[in-house]
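The values are calculated or read from the model by the stated rules, or taken from the named source; none is laboratory data. In this text, all values refer to a predicted model and were calculated from it rather than measured experimentally. Cβ sites come from the backbone with ideal geometry, for glycine too, and all protein chains shown count toward neighbours. Remember, those area values only see protein heavy atoms, side chains included, never the ligands or the DNA or RNA. Shrake-Rupley method; radii C 1.70, N 1.55, O 1.52, S 1.80 Å.
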Amino acid sequence: MGKSQNKERATFGSKLGVIFASVGSAVGLGNIWRFPYETGQQGGAAFILVYLICVLILGIPLVMAEFYLGRRSHANPVGAFRGLAPNTKWYLVGLMGVFSGVMIMGFYSVVSGWTFDYIFQALTGSLSDKTPEVFQKDFTAFSTNIYKPIIWVVIFMIITHVVIISGVKKGIERSAKIMMPMLFLIIVIMCIRSVTLPGGEKGLQFLFHPDFSKINSNVILGAMGQAFFSLSLGMGCLITYSSYFGPNVNLGKTAVTVALLDTMVAILAGVMIFPAVFSFGISPTQGPELVFITLPNVFQSMSFGYLWALLFFLLLGIAALTSAISLHEVTTSYMIEEYGLTRSAATSFVTITLIILGMICSLSVGAWSKFTIAGMNIFNLFDFISAKILLPLGGLWISIFVGWIVPYNDLKSELTNKGTLKFYGFNFYRFILRYFAPIAIILIFFNELGLISLS
Ligand code: PHE
């Protein structure tokens, strides 16, 4: 047990704190940047449908499984597996999670940096009086610039660093509680504006009228990957957070609440973006820049647009920050508990590593874009490997571990808070972990590799 089973760890201050910290991790660029661009590239409504199914039948059960692992072990992902299955190789699953987190942060910090630049642009008035084409050109010029995006990466990472170093309770809880509801509200307002734009109906059609012929192995893998990415699932982030949960937190209810809020924000982000995409003649398959070239047009069509833009990108920046904190915290808590580093040493080490990776990813969009592996630049490669391979793979091992290795009574006792809560359908839940989830994930992988054909 040793260092990894630290009973004196901090816990979140209140029940609401638990939910907000987890929602803070889940809701971020994944919902507002990645979900729309994946939806756009994968054909719209059919992708969303598969996505919703993935959240419901894989996402929620696996979020609960991670919550179980974290609160039961009170440890970081590596320590959790070490504590629950000593002297086995299971800790490697935790290690893979730490690795995935570092990889995700590589491109996450770049997109967060883009968000910060837009806050700055809104402040200085350069987000208005332009045609859709000019917005697009300006974004490309900015994102392929060598220095500017990197400066923002550094600024973003320093802010993340400061929040992390101030400790779990104060830093994370405080930031998530006020900002999340505000972001939600402003997205709703922007949805209304977007839907009422001329030609906006086409966007809604794209989002909600599924064309089932579009479902293929790529779409299914993409939807599963997006579900994992958006729920912060499969890399131990939720293990780390739930290791700070108090004994009275209802794990099942928290999992459902987090998934529900996260999914709502993603769908609303779609409603905010696609009517505008069609109205302004932007291509839905644009890729990672979609949100950044679409939204300025929407703001421009609103009265006091620059103020809305400022508020929106500020809140999006904060949502990105609360997710980045959770990604950073996985590696940091691992370094502290497994190597005995002080919090400030561990945090500094991780921050510096992430800044270097961020720089590499940022350069790969511009100056180094000629360097590709399997047709992808490093930015896209990191995204692909983490979201579409490592996170589902992590989920696969987690479902096998919690379904097969963890004793029945132990799982039941933790999920029912020692029998004080009812858990109807516990056996069905365990069935999902033992059979359904692993088989589904394996089939989706095989299908993508072309070994079998589901569609
Ligand atoms: N869920 C976060 C988002 O949607 C990203 C994330 C992925 C955070 C994995 C932690 C772990 O932006």
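Residues in the stretch 18-71 that are in a loop (DSSP other than H, G, I, E, B), open to solvent by less than 10 Å² (accessible area, probe 1.4 Å) and more than 25 Å from ILE178 (Cα to Cα): GLY44 only. Of note, VAL93 satisfies the criterion of being among the β-branched types (Val, Ile, Thr), farther than 16 Å from TYR339 by Cβ, in contact (Cβ under 8 Å) with a residue 40 or more places away in the chain and crowded, with 24+ Cβ neighbours inside 10 Å.
The rows are residues; the columns are (1) in a loop (DSSP other than H, G, I, E, B); (2) crowded, with 17+ Cβ neighbours inside 10 Å; (3) within 16 Å of the ligand (Cβ to nearest atom).
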site: TRP152; (1), (2), (3): no, yes, no
site: ILE158; (1), (2), (3): no, no, no
site: LEU185; (1), (2), (3): no, no, no
site: MET190; (1), (2), (3): no, yes, no
site: LEU238; (1), (2), (3): no, yes, yes
site: PRO247; (1), (2), (3): yes, no, no
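Going by what's in this entry, would LYS418 be described as more than 26 Å from PHE99 (Cβ to Cβ), modelled with pLDDT of 95 or more, open to solvent by 20 Å² or more (accessible area, probe 1.4 Å) and not in a loop (DSSP other than H, G, I, E, B)? Judged against the criteria, LYS418 is not a match.
Here is the figure for the stretch 73-82: residues that are in contact with a helix residue (DSSP H, G or I) (Cβ under 6 Å, 6 or more places away or on another chain) and either over 21 Å from GLY246 (Cα atoms) or open to solvent by 20 Å² or more (accessible area, probe 1.4 Å) (or both) total 1. Here GLY252 meets each of (1) part of a helix (DSSP H, G or I); (2) touching a Leu at 6+ places or on another chain (Cβ under 8 Å); (3) over 23 Å from ALA309 (Cα atoms); (4) within 14 Å of the ligand (Cβ to nearest atom) with one exception, condition (4). Please determine, by comparing only the residues of the stretch 365-399 that are within 19 Å of SER143 (Cα to Cα) and polar (S, T, N, Q), which one is least open to solvent (accessible area, probe 1.4 Å). Among those that are within 19 Å of SER143 (Cα to Cα) and polar (S, T, N, Q), it is ASN377.
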